[in-house]
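Read through the structure below, which is laid out as structure tokens, and then see the notes.
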Amino acid sequence: PGDERLKEQVAKIARARTIFRYPLATANGERVMHLETVIGWRDTYYPGDIAYGQRPARDGGPLDIAAATLDPDMLAYAQQIINDNWYFKTLRTRLEGNRYSELLSQMLAPQSYTTVMAQKTKSKLLPMTPGQPDFVFADPELGALALKNGDQILYVSLYWRARYAINNLARVHLLSPYFEYDATVHMQTEFNNSGLVYTMPDYTNAPYSAWVEKGYKAEGMHLAVAGQQQAIAKVPEDQKGWKPGKENIYAGKGNFYTLLYGSYFIAMNCTGDKSYTLAIPEKFLGGKNLVEGNNVEKNQVRVKPMQTVVLFAGD
């Protein structure tokens, strides 16, 4: 039966990840849920894999977590991929693998399928499925945000690929049935300034793979912002051996982020003990606070520790 505490933690992680699955039509017009990759730090491809609950991978199948934990939500999402007729299609992506883990996961697939099919039918659907309730999910520790607002879906990374210094860049993915936008945009960051700076090197598309970068240099490619200096946030004293130019999760981490993108205005307080006063742009006065569900009436608000504000000025 397994350790109940461990199974609950696995289910908790899996439920959080399902927020980052969104509907996208195939070339044949079939609706299917995809893994969000646009705002990722490491993702380099679009669209992401077809995924409802667990992403099909070499060491696990789409139904394994649902079958192992029997978590009601994960069972519902497992039934959703089956009802959408995508479960067996995703298994095909692993049929040609010859690693032990791939072969083992294929052998366990019938057991997981039988377990899921034996459960009562669930009516719940993935959070981003059309017709589901609106919500805002925010994680100030990671600077990540996801929301459903009517027929719009918005994913944002405010703390995006800031490996060496404060870059004031946010990654945005905004979707609706009528449009889809993918953007890297400027934002504002408040942080604890160390007084140190990081100089952008002349790396183009593969800054962490020197041997790949040589190929781009051979083609005469250079980074337009090479030489730009970025401020470095204070790094804890216990980070022994760190120095400017060396990757560190603290070097580019902000305390308070604000982003204006289209009809959305976002503020995120990532500290545990400090509040910030947020001035509301005139465009958003009378608009809707998507987190609290009320209209914006004041021209400034207090953003408490670990609090996120999302304002919407659209229809």
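The values are calculated or read from the model by the stated rules, or taken from the named source; none is laboratory data. The structure displayed is predicted, hence computed values, not measured ones. Glycine gets a Cβ as well: all are built from the backbone with ideal geometry, and neighbour counts include every protein chain shown. Surface areas here come from the heavy atoms of the whole protein model, side chains and all, with no ligands, DNA or RNA. Shrake-Rupley method; radii C 1.70, N 1.55, O 1.52, S 1.80 Å.
Computed from the Cβ-Cβ distance with R0 of 35 Å, the FRET efficiency linking residue 132 to residue 89 stands at 0.90. Taking amide H atoms as placed 1.01 Å from N in the peptide plane, the amide H of residue 188 lies under 5 Å from those of 258, each 5 or more residues away in sequence or on another chain. In this calculation the C-beta distance from residue 178 to residue 49 is compared with R0 = 22 Å, giving a FRET efficiency of 0.35. Rg/Rh for the chain stands at 1.00; both radii use Cα atoms, and Rh follows the Kirkwood definition.
Averaged over its residues, the chain has an accessible area of 56 Å² per residue, based on protein heavy atoms and a 1.4 Å probe. Straightening the chain between residue 234 and residue 12 buys 76.7 nm, computed as 0.36 nm per residue apart minus the Cα-Cα spacing. First compute the accessible area of the range 43-165 with a 1.4 Å probe, then give the percent of it belonging to carbon and sulfur atoms. Ligands and nucleic acids excluded, carbon and sulfur reach 53 percent. When the chymotrypsin sites (Phe, Trp or Tyr not before Pro) in the range 30-127 are filtered for DSSP coil states and for at most 13 other beta-carbon atoms within 10 Å of their beta-carbon, the remaining sites are 41, 45.
The Rg/Rh ratio of the range 54-135, with both radii computed over alpha carbons and Rh defined as the Kirkwood radius, is 1.00.
For the range 69-105, the residues whose backbone nitrogen is under 15 Å from a point 7 Å from the Cα of residue 121, taken along Cα to Cβ, are 76-77, 79-85. In this structure, the residue pairs whose Cα-Cα separation is over 18 Å, taken from 234/274; 122/148; 7/122, are 122/148; 7/122. Applied to the range 226-242, the Karplus parametrisation 6.51 cos²θ - 1.76 cosθ + 1.60 on θ = phi - 60° returns per-residue 3J(HN,Hα) values of 4, x, 5, 9, 10, 5, 9, 6, 4, 9, x, 5, 7, 7, 5, x, 7 Hz, with x for Gly and Pro.
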